[in-house]
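The values are calculated or read from the model by the stated rules, or taken from the named source; none is laboratory data. These numbers were taken from a predicted model, which means no experiment stands behind them. Virtual Cβ from ideal backbone geometry, glycine too; neighbours counted across all protein chains shown.
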Amino acid sequence: MSERLKQYGFVAAFLAGLLLIGVLLQHIVEPATVRASGDTAAAPTRERGAQLASACTGCHGAGFAGGLIPGAGADWPKPANLTPGGKIAAWSEEQFLTFMHTGRTPEGKDVDGRYMPWSTFAGVPDNDLRSILLYLRSLPAKTDGTR
């Protein structure tokens, strides 16, 4: 494993950990709305999704179009385009939630947790994940890698 991979793998895991801590603290500090589904997160909103998705810009870029991460090694996989111009635009909400819980895409690909810290997001309440999806679907469609 290259030193660059070790460095960025740690950074990605650290940023995802901070996101998870922030989400958990908000649920401790803010009263939760209990929904019939049993999900205790507040109803999904685009605004909440924008806040949560900001943690994804380190790898997916400010415009969420993915592509090469500046400074990352050539052996690193390209982060996915998360805008409506990317593959996840075709995913259902359930497929998105399943991916965030398991790291397996609807196409059957297992995503390496060293690069995409999906296991950190697995503990995020579903309504927060739905908020992220709402936000991503509201973005303008971009071509893969147009950061």
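Descriptive notes on the structure:
- Applying the criterion of being closer than 22 Å to ALA122 by Cα and aliphatic (A, V, I, L, M) to the residues of the stretch 64-99, the residue that is surrounded by the most Cβ atoms within 10 Å (Cβ to Cβ) is LEU82.
- Members of the stretch 100-110 that are within 23 Å of ALA50 (Cβ to Cβ) and either out of contact with any helix residue (DSSP H, G or I) (no Cβ under 7 Å at 6 or more places or on another chain) or surrounded by fewer than 18 Cβ atoms within 10 Å (Cβ to Cβ) (or both): HIS101
- Condition broken by TYR115, with the remaining ones in (1) in contact with a Leu (Cβ under 8 Å, 6 or more places away or on another chain); (2) modelled with pLDDT under 95; (3) surrounded by 15 or more Cβ atoms within 10 Å (Cβ to Cβ); (4) not in a helix (DSSP H, G or I) satisfied: (1)
- Qualifying positions in the stretch 50-75 - out of contact with any Gly (no Cβ under 9 Å at 6 or more places or on another chain) and at pLDDT 90 or above: ALA50, ALA53, SER54, CYS56, GLY58, ALA62, GLY63
- Boolean, ALA36 is assigned to a loop (DSSP other than H, G, I, E, B) and modelled with pLDDT under 55: yes
- Taking helices (runs of 4 or more DSSP H) as the structural unit, those lying wholly within the stretch 39-105 and holding at least 1 residues that are touching a residue at least 60 places away in the same chain (Cβ under 8 Å) correspond to 46-53.
- Yes/no for ALA90 being modelled with pLDDT of 95 or more, touching a Pro at 6+ places or on another chain (Cβ under 9 Å), at negative phi and of a type in the set (A, V, I, L, M): yes
- Residue check for LYS142: closer than 14 Å to CYS56 by Cα, in a loop (DSSP other than H, G, I, E, B) and charged (D, E, K, R): no
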